[in-house]
Each structure stands twice: as C-alpha cells, then as structure tokens.
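Here is the structure we will look at.
Throughout, read-outs are computed from the coordinates displayed, never taken from laboratory work. Keep in mind that this is a model prediction, so the values were computed, not measured. Here the Cβ positions follow ideal geometry from the backbone for every residue, glycine too, while neighbour counts run over all protein chains shown.
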C-alpha cells in the first residue's frame with residue numbers, strides 16, 4: 001500500500017480512455033460516461049494537478065455517424081472514418097468541458113512526432129505550453145494521415161509515449177476491465193485481480209491475452225506494452241475500470257483499485 005499512497009502526490013497525469021469505454025457495444029457513444037469523465041478531469045485539474053487526456057473513439061464515432069455496425073476493414077475507409085469522427089468527438093468533449101468553463105485543445109500526432117528528435121522537442125514544447133496555460137490537451141493519433149511507418153497502432157502505446165514525452169508522474173489506462181487478472185476473468189471464474197506489479201516478467205506477459213470490442217484496438221497485451229514504456233521512464237501506471245470515471249479520484253487517493261504498475265521505485269532501485 002506504500003506505493004499506492006504515493007499516487008496522492010502525482011502532479012502531471014496522463015489519462016487514456018479506450019473506445020469500448022466511450023461507446024456501447026453497438027458503437028454508439030455513451031454520452032453519460034463522457035459527461036462524468038469530463039467532470040472528474042475538471043475536478044482533478046481544479047485541484048492543482050495537470051491533466052492530459054488521450055482519447056480513442058474517432059473511428060467508432062465516424063462509423064456511427066454513417067450507421068455502420070462495425071469499423072471498416074480497409075485502411076482508407078478507416079482513415080475516412082477517423083477524419084469524420086474526430087471532428088465530432090472533439091465537439092462533444094468541448095461541449096461538456098464548456099459546462100465547467102474548462103478550455104481544451106485538440107492534439108493529433110503520429111509516431112514520428114515523438115521518435116524523431118527535432119519533432120519530439122517541438123511536440124513536447126507545445127504540450128507543455130498548453131498545460132502551462134491550464135488547458136487540457138485531448139490527444140489522439142492522427143489516423144487520417146498515419147501510415148504503417150509512423151503509426152502507433154493503439155492508444156495504450158500512444159499514451160505511454162505521451163507520458164514519457166511530457167515527463168508525467170502517472171499514466172491511468174481506463175478500460176472495460178478492472179485490471180490485470182491471474183487469468184481471463186471472462187473465461188475463468190476463479191481469476192483474481194493482481195493489484196500491484198513492480199516488474200514485467202515473462203509470467204506477467206503471459207497473462208496478457210484477449211481482445212477488446214469490435215470497435216476497439218488491442219487488449220491487455222497493448223497495456224503491458226505501455227507498462228514496459230512506463231517502466232523504462234520511471235512512470236507509475238494504473239489500469240482501472242472506466243464504468244465509473246470517479247475511479248480516477250480513488251486512484252489519486254491511494255485506494256486499492258485496479259492494477260498499479262509501480263515503476264518509479266523500480267527505476268530508483270536500478271539507479
């Protein structure tokens with residue numbers, strides 16, 4: 001629990017929410033959950049912390065606007081859905097944040113903006129300037145122009161790179177599952193949640209299996225990949241269930257919810 005109590009002092013927090021957490025199973029947006037998420041992010045920001053949101057959902061929103069039951073299979077159609085959906089998604093976020101007089105900024109990036117040194121500095125400076133103005137950046141991959149060479153492929157990985165880029169203290173991955181389990185809880189009733197992980201061992205990697213909904217990308221495997229990136233950067237990471245976004249408050253109070261990947265202590269030990 002000692003590592004949990006340290007979460008209370010985290011100041012720069014990246015929060016990622018996945019498509020399955022923003023939508024119903026048919027791909028339509030869950031406006032009530034988005035509204036609750038926005039309220040919690042505003043409260044965290046108002047408490048003096050810096051908040052960065054990495055939000056999935058553009059392709060699902062675009063697909064929903066056109067009445068599609070699942071996201072397209074081919075790349076060009078996915079890019080078109082992303083362009084259509086991103087505009088609508090940011091409009092919805094802005095609408096709910098306006099109720100709290102909280103400014104937000106849309107930031108669309110590709111992998112080369114983080115991996116190429118000159119572009120990385122530009123991206124970092126821009127993000128730090130935005131949060132320095134008490135504005136909440138809403139980040140997504142620029143799926144409309146991303147190609148295989150410059151795409152992250154999933155927003156779990158993107159959020160970990162963003163956390164590293166801005167020297168965040170904590171990454172919170174909000175998902176449709178409570179955390180990392182000893183087995184897939186959707187298949188095995190005996191599965192138990194693992195509340196704390198301090199190293200990515202082969203055994204931990206073996207637990208990462210399964211995929212998300214028909215509209216989402218990735219599953220636990222991408223979250224473990226994100227944890228590896230955080231581990232190298234000494235950033236703590238929590239996987240938690242997004243059903244009630246107030247779980248973010250629980251995490252920051254040091255309560256034992258979700259799975260905490262406690263890597264700040266690990267990095268200090270390596271040093």
Linear extension gain, residue 205 paired with residue 135, 0.36 nm per residue minus alpha-carbon span: 21.6 nm
Ranked list, fewest to most other Cβ atoms within 10 Å of each Cβ, for 193, 109: 193, 109
Largest-first principal axis extents of the Cα set of the stretch 69-212 (Å): 46, 38, 38
Principal axis box of the stretch 53-108, alpha-carbon based, largest edge first, Å: 39, 21, 13
Two-site FRET efficiency, residue 126 against residue 176, from Cβ-Cβ distance with R₀ of 30 Å, rounded to 0.05: 0.45
Value of [θ]222 nm, deg cm²/dmol, for the chain, DSSP H segments ≥ 4, -39500 (n - 2.57) each, nearest 500: -13000 deg cm²/dmol
Cα convex hull of the stretch 149-206 - mean projected area over all directions, nm²: 5.7 nm²
Quotient of C-alpha Rg and 2.2 N^0.38 Å, computed over the stretch 1-53: 1.38
